[in-house]
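The values are calculated or read from the model by the stated rules, or taken from the named source; none is laboratory data. From a predicted model like this one, the values you see are computed outputs, not experimental measurements. Neighbour counts run over all protein chains shown; Cβ positions are idealised from the backbone, glycine included. For the accessible areas, the whole protein counts, side chains as well, though only heavy atoms, and no ligand, DNA or RNA atoms are used. Shrake-Rupley method; radii C 1.70, N 1.55, O 1.52, S 1.80 Å.
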Amino acid sequence: MTFEFEVPMIGMLFMLMLTIVYYSKEKKVLVENRYFEIILICSFAYCILDTLLHFFASIYSFETLNTTLFGFISFANKVMSILSVTLFFSLLCYTLAISYKKCHDNEKILRNLLRGVVIIYTVAALFTSIRIEQVGTITTTVGSTADLSYIAVGIILVFNFVITIANFKHLDERYMVMLFILISIVFFAILTINFPGIIVTDLLVTSICYVMYFTIENPDVKMIEQVSLARDKAEKANKAKTDFLSNMSHEIRTPLNAIVGFSECILTDETLESAQKDAQDIVVSAQNLLEIVNGILDISKIEADKVEFVNIEYNLKDELSELIKIVQPRIGEKPIQLKYHFAEDLPYNLYGDIGKIRQIVSNILTNAIKYTEKGYIAIEVSCINHNNESTIIISVEDTGRGIKPDKIDKIFDKFERLEEDRNTTLEGTGLGLAITKRLAEMMGGKVIVQSKYGEGSKFTVYLKQEIHANTAKKLKRVIEPIKVFDISGKKILVVDDNRINLKVAVRLLEQYHVDVTECESGFDCLKKVQAGERYDLILMDDMMPKLSGTETLKELKKLEHFNTPVVVLTANAIEGMKEKYLESGFVDYISKPIDKKELERILSKTLADIDVTREISFEPLPSEIYDLDTPLQDKEEK
Ligand code: ADP
């Protein structure tokens, strides 16, 4: 009894079972899965064709075959050699995919590589010859197609060996399995050469598929791997969240502690002077708190890709001079000299988002002040102008404590503070530089840091800005209109369910000698207006129980003759909210905590008839700030 076609048939049946099992299981689609599927399909197809060929060989003598059947056998042999090249190349792609699977571009390259090899080999197989030699019941394939396939498979195997061995250091079990498969292939090849009568190829491809399936490609194993990866990721995210919360809790409690403490002091202060001092500290702490909250909002906006850039025409020198003036008091009692130098060729009118540029420079400058105890802080502003574009270069150099070279990359990560800052009195969230870097990058620029530990640091920002065409018309930012109010006697209704917030608004408005009416709900507001009370302006909170500010406004608008301007007063400061409120019919938007200037802008806008404008001139920078005659020297690179 001979086993010419029974052996490939058993291989075919095994492949059929494996294919059914593989495709009936739910699986996670990964890059390497695709190559395993190709291996599976090629092996299955190979076994089917081989079974057929051996079946014919067992019942016919090839010399007596008619040309059609002989042609089919030759064609089937060519297809089998294409299948085997595809199979072995997919095996190589599998090894490559597990080595580079993180990179999507490589995935594309792999796919194209496989396609390319299959196409080239198919074309070569079409134009080369193949012969089947039959000695008794043993058939062998000879001819250039076969030779070509042996060469191709040989080269592919060598590559696969090299890559597998090169990756062995990763101690990934997948490479062990691959090495075992590669060694088996060599063993089977030696066996075939020495004993051509043994039918081994079907056994080989079937066992490759089975070994791979039961070790590294089982969808169940993959699923478990994915689940544990997801668990690790979730645990990491959870830890980051916990760290963030505990860090924030500390950062928020610090200014809150001052606010609560000083407020208690005011209650018992005996002189107006000490009460005013305490109040001043409360304002500073409250501003710190606001900075923290804004930092969190900013970073979440950046991460959600919701940052909006508002481009306007501006004068860089004026803007930065003003910023320096605002930030400078933070130096306090520290013996630090603040110097600045603006290059002569700075374009007068630039066009871009100056708000974001101020934020970037402010972060770097406040850090310089925070992390410097004595010496100087030098701000240098220069530019490279080319046609209508100017690359502005703003550097801030300090003689502070500097940053260790191995920590320098970390400082731009969010919530990342250097170890030595964590338990000190220096407040910070580790968000400032993360925001700074990302904003600069979003504007097509970059931030570079040079630092020498113990000596100082230098942060340099590069940003491309448009030089405004109308350079002749110089901006006169120095003349900023300041509104002077006389709105005494005007009636303003403030609606807020939170008593404290109500009180704050009322106290702020009282300064303008207006007639303020308080009201704690939307219903109350409606009742008052329905009862015929008239107001010149309504400031309305939005988030109120039962009837929100927006709903109240809707009801108000239904009332006949109602034409009082209603301004929304909200703590909901996320991007896009302003537009939403304006669409709902509010005439303007003011966010909590209420900024005095912003309140005045709104009062002047809504109660326009009583607004008197006078001009005040821009104050020069305080005398402690020196102009640098010569450009600053670069400190040593880290
Ligand atoms: P933080 O709120 O802690 O200041 P930043 O993101 O602004 O957060 O800065 C991250 C860290 O980088 C700081 O905690 C500090 O350790 C370091 N750093 C930033 N600027 C300087 C500087 N000028 N000198 C020394 N260290 C600095």
Mean Kyte-Doolittle of at least -1.0 and a Cα length of 18 Å or more along the axis: which whole DSSP H helices of the chain meet both? 6-24, 31-59, 67-100, 104-127, 144-166, 173-194, 219-268, 272-303, 354-370
Radius 14 Å from Cβ of Thr271, net charge of other residues (Lys, Arg +1; Asp, Glu -1): -3
antiparallel share of DSSP beta bridges within the chain, to nearest 5, in %, is 60
Using alpha-carbon pairs under 8 Å, 6+ residues apart, how would you state the relative contact order of the chain in percent? 10
Enter the accessible area of Phe55 (Å², nearest 10), with the probe set to 1.4 Å and all protein chains included. 80
Return the loop-located trypsin sites (Lys or Arg not before Pro) in the stretch 32-108 (DSSP other than H, G, I, E, B) with at most 11 other Cβ atoms within 10 Å of their own Cβ; answer none if there are none. Lys102
Suppose R0 equals 60 Å; then what is the FRET efficiency for Phe562 and Phe187 from their Cβ-Cβ distance, rounded to the nearest 0.05? 0.05
Relative compactness, the stretch 238-303, computed as alpha-carbon Rg over 2.2 N^0.38 Å: 1.42
When all protein chains stay in place, what accessible area (Å², nearest 10, 1.4 Å probe) is found for His170? 110
With 0.36 nm assigned to each residue of separation and the Cα-Cα distance removed, Asn66 to Glu333 gains 85.6 nm
Compute the distance in nm between two label points, each set 7 Å from the Cα along the Cα-to-Cβ direction, one at Lys596 and one at Val221. 7.1
Separation between the Asp243 and Glu520 pseudo-spin-labels, each 7 Å from Cα along Cα→Cβ, expressed in nm? 4.5
Among residues other than Leu179 whose Cβ falls under 14 Å from its Cβ, what is the net charge (Lys/Arg +1, Asp/Glu -1)? 0
At the level of C-alpha centres, the distance separating the stretch 341-394 and the stretch 50-96, in angstrom, is 73
Quick check: pseudo-label points 7 Å beyond the Cα along Cα→Cβ at Ile165 and Gln287, how many nm apart are they? 6.8
